[in-house]
1. Using the structure shown, decide if L179 is at pLDDT 90 or above, under 19 Å from the mean Cα position of the chain (by Cα) and among the hydrophobic types (A, V, I, L, M, F, W, C).
2. Could you tell me which of the residues V101, V18 is aliphatic (A, V, I, L, M), surrounded by 13 or more Cβ atoms within 10 Å (Cβ to Cβ), in contact with a helix residue (DSSP H, G or I) (Cβ under 7 Å, 6 or more places away or on another chain) and modelled with pLDDT of 95 or more?
3. Taking region 150-176 as the region of interest, how many residues are at pLDDT 80 or above and assigned to a helix (DSSP H, G or I)?
4. I'd like to check which helices (runs of 4 or more DSSP H) are fully inside region 21-84 and have at least 3 residues that are modelled with pLDDT of 95 or more, under 20 Å from the mean Cα position of the chain (by Cα) and not small (G, A, S).
5. Within region 194-209, restricting attention to residues that are out of contact with any helix residue (DSSP H, G or I) (no Cβ under 8 Å at 6 or more places or on another chain) and in a helix (DSSP H, G or I), which residue is modelled with the highest pLDDT?
6. Residue under question is F95, and the condition is that it be surrounded by 17 or more Cβ atoms within 10 Å (Cβ to Cβ) and at pLDDT below 85; does it hold?
7. Taking the options A125, A135, A109, name whichever one is within 21 Å of R25 (Cα to Cα), part of a loop (DSSP other than H, G, I, E, B) and at pLDDT 80 or above.
8. Kindly indicate whether any position in region 35-58 is within 18 Å of R216 (Cβ to Cβ), touching a residue at least 24 places away in the same chain (Cβ under 8 Å) and in contact with a Gly (Cβ under 6 Å, 6 or more places away or on another chain).
Amino acid sequence: MSLVGTEQAAPPVRVLLVDDQPLLRTGFRMVLSSEADLEVVGEAGDGAEAVELARRLLPDVVLMDIRMPRLDGVAATRAIVQARLPVRVLILTTFDLDEYVVEALRAGASGFLAKDVPAEDLVRAIHSVAAGEAAMAPRILKGLLDRFVAALPDPGAAGAGAAARRDLRSLTERENEVLLQVARGLSNAEIAAELCVSETTVKTHVGHVLTKLGLRDRVQAVVLAYETGLVRAGS
C-alpha cells in the first residue's frame with residue numbers, strides 16, 4: 001500500500017488572546033484566524049482570567065497585554081510560569097520600550113511585541129515563541145535592558161543574585177563565552193563567527209546553558225547575565 005500523501009500536517013499553534021480592550025482582541029483574532037497553522041482557543045479581558053484559562057486550555061502561546069485590571073500582565077505571566085504550565089507568554093505593549101516589559105521578561109515571558117506590529121511579524125513571533133525561541137531580535141532585547149537596567153537587581157546583592165552567580169560556576173569556559181555573547185545581543189550565526197565554531201555547535205552550547213541554569217529561553221539568559229553582573233549596561 002502506498003504511503004504517499006499520508007503524512008499529517010503539524011497541529012496548529014493554539015493561542016490565548018489577553019487584552020482588556022475587546023476591539024483589540026477582535027482585531028488580533030481576525031488576523032490569527034486567517035492563518036491555517038494558528039488557532040485562537042480563547043480570550044481573556046484581565047490577568048486573573050488569563051491565568052484561569054491558561055490552566056484550563058493549555059494554549060501553546062498566550063498573547064498577553066501588560067496593563068489590565070484585577071491582575072496585570074506581569075503578575076499573570078509570573079503565575080503562569082510558576083505553575084509550570086507548558087505555555088509560553090508573548091507580551092503585547094503600546095510602547096516599544098516599557099519598563100513593565102523588563103519585569104515581564106524577568107517573570108518568564110518569552111518576548112515582547114508592540115501592539116501595532118505588522119500582521120506577518122505577529123504571526124512569525126507566535127511561531128518563534130511556540131518553538132521555544134525569543135520573539136525579538138537579540139539587539140532589540142539588549143537595547144531594552146540597557147535602557148532599563150536600573151530596574152534590575154543589584155548584581156552585588158545577596159539572595160537570588162548570589163544563587164544565580166553560584167549557578168554560573170556550573171558552566172564550562174566555552175558555555176560562559178557563549179552566554180556572554182548571547183547577552184551582548186549576538187545571534188547564533190554571529191556567535192559562531194566570533195568564536196570560530198559552527199552555528200550547530202553554538203546552538204548546542206546555548207541549549208546546555210539553558211538546561212544548566214534552569215532557563216526557558218535565551219531571553220531569560222540575557223536577563224540573568226544582567227542580574228549577575230556578567231554584562232552591564234553599555235558593555
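1. Spelling it out, L179 is indeed at pLDDT 90 or above, under 19 Å from the mean Cα position of the chain (by Cα) and among the hydrophobic types (A, V, I, L, M, F, W, C).
2. V18
3. Of the residues in region 150-176, 5 are at pLDDT 80 or above and assigned to a helix (DSSP H, G or I).
4. On the way: elements: 22-33, 47-57, 73-82.
Result: 47-57.
5. This residue is T204.
6. no
7. None of the others qualify; the one that does is A109.
8. No, because not a single residue in region 35-58 is within 18 Å of R216 (Cβ to Cβ), touching a residue at least 24 places away in the same chain (Cβ under 8 Å) and in contact with a Gly (Cβ under 6 Å, 6 or more places away or on another chain).
The values are calculated or read from the model by the stated rules, or taken from the named source; none is laboratory data. Since this is a predicted model, take the numbers as computed values, not measurements. Cβ: placed from backbone, ideal geometry, glycine included. Neighbour counts: every protein chain shown.
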